[in-house]
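So the structure is just underneath, and the comments pick up after that.
None of the figures in this text is laboratory data; all of them are computed from the coordinates on show. Everything numeric here is computed off the predicted structure, so don't read it as measured data. Cβ placement follows ideal geometry from the backbone for every residue including glycine, while neighbour counts extend to all protein chains displayed.
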Amino acid sequence: MLQILRMEKYWNQVEEAAAFIRQQFLKKPAIGVLTGTGLGACVRSLTVETILDYADIPHFPVSTVVSHAGRLVAGTLAGYPAVVFQGRLHLYEGYSPWEVSFPVRVLQKLGADHLILTNAAGGLNFDFGTGDIMLIRDHINLTGANPLVGPNNNVWGDRFPDMTRVYDSGLAQTAASICRNSHISLREGVYAGLLGPSLETPAEIRFLKTIGADAVGFSTIQEVIAAVHAGMKILGLSIITNINDPDNPLPASVEAILEVANQAAPMVDRIISELVGGLEAGS
């Protein structure tokens, strides 16, 4: 009974947050973008109409991580109404899976049916290089958490959503075509999501490589599961900020990760803006 009451409270909070945003931004967003570490500027092509700090939106969790601005930016992207979340929430900040996926539930309530996620990730595939962009083909949830645990809201989605085709093949093909035409090197692979915030040990890196992961990070998984539950079409892009070699481990500094992510932001912006511009034909 307590779980049901908690979920009902959560649903009400999502509805109140969405209602507040709708008052500030009168358009129904066609697409939502959720940016990762150092990638808040990866949607520079957005024509900004509304900016809201997370702290000013009812019930919205606040980002506490460096480089996550913690604000919602709404406007027009390639002719489509769009909402961009500059900064995300993480389990390692102490947030629950429900709180981490709160932006996705708000997008769902606002009516968005496309979601693009970006993140900074450590590379596990030795064919990758620092600064590469990886198209997320699939993921492995190693966080030990899931935003669908608890009572299900049948209006929001099925109790047991299918996860065999999480990332939309049409969006992936469009992104790959944009990269070829723009001479942007695009990798493809499997993203492993960990709890964090401690980085991986050499033994953990070997394990991740063994189970088929090409990149690793501390985000994305909870939001993607919620988006699948919501029936959204999803595109995921990881910026490979460093290469993890278990036989020659090197410390990864936050400053270096941010620098690589910032350098990749213009390329990510181009991919996203051109992809959104072709949604009508490719969706």
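Where in the chain is the longest stretch that carries no trypsin sites (Lys or Arg not before Pro) classed as loop by DSSP and with at most 14 other Cβ atoms within 10 Å? Result for the longest clean stretch: 166-283. Dipole of the stretch 1-159 computed with +1 at Lys/Arg Cβ and -1 at Asp/Glu Cβ about the Cα centre; of H139, L89, G157, farthest Cα towards the positive end is G157.
Placing pseudo-labels 7 Å out from each Cα toward the beta carbon at Q3 and V254 gives an inter-label distance of 3.6 nm.
How would the stretch 1-124 be classified by its alpha-carbon gyration tensor: rounded, prolate or oblate, with rounded meaning a/c under 1.5 and the a/b versus b/c comparison settling the rest?
Oblate, since a/c reaches 1.5 and b/c is not below a/b.
If you wrap a convex hull around the Cα atoms of the stretch 157-283, how much volume per residue is inside, in Å³?
Taking only Cα atoms, the stretch 157-283 has a hull volume of 130 Å³ per residue.
Over the stretch 2-278, the fraction of Cα-Cα pairs per 10 Å bin, rounded to whole percents and listed from the shortest bin up, is 7, 31, 38, 20, 4, 0. Within the listed set P197, P147, P29, the residue fluctuating most in the Gaussian network model of the chain (springs between alpha-carbon atoms under 10 angstrom) is P197. Note on Q23/Q173: beta-carbon distance plugged into 1/(1 + (r/R0)^6) with R0 of 35 Å gives a FRET efficiency of 0.40.
Per residue of the chain, the DSSP helices (runs of n ≥ 4 H) give a summed -39500 (n - 2.57) that works out to -10500 deg cm²/dmol at 222 nm.
Taking a span of 18 Å or more along the helix axis (Cα atoms) and a mean Kyte-Doolittle hydropathy of at least -0.5 as the rule, the DSSP H helices of the chain that qualify are 169-182, 254-277. Measuring r between the beta carbons of Q263 and N146 and using R0 = 30 Å, the FRET efficiency lands at 0.35. Neighbour counting of Cβ atoms within 10 Å sorts the residues T164, T130, fewest neighbours leading, into T164, T130. About the centre of its Cα atoms, the stretch 2-278 shows a dipole size close to 620 debye [charges on the beta carbon of Lys, Arg (+1) and Asp, Glu (-1) only; nearest 20 debye].
In this rough spin-label picture, where each label sits 7 Å from Cα along the Cβ direction, the T64-S198 distance is 1.8 nm. Working from label points 7 Å from Cα in the Cα-to-Cβ sense, the T210 to R159 distance is 3.6 nm.
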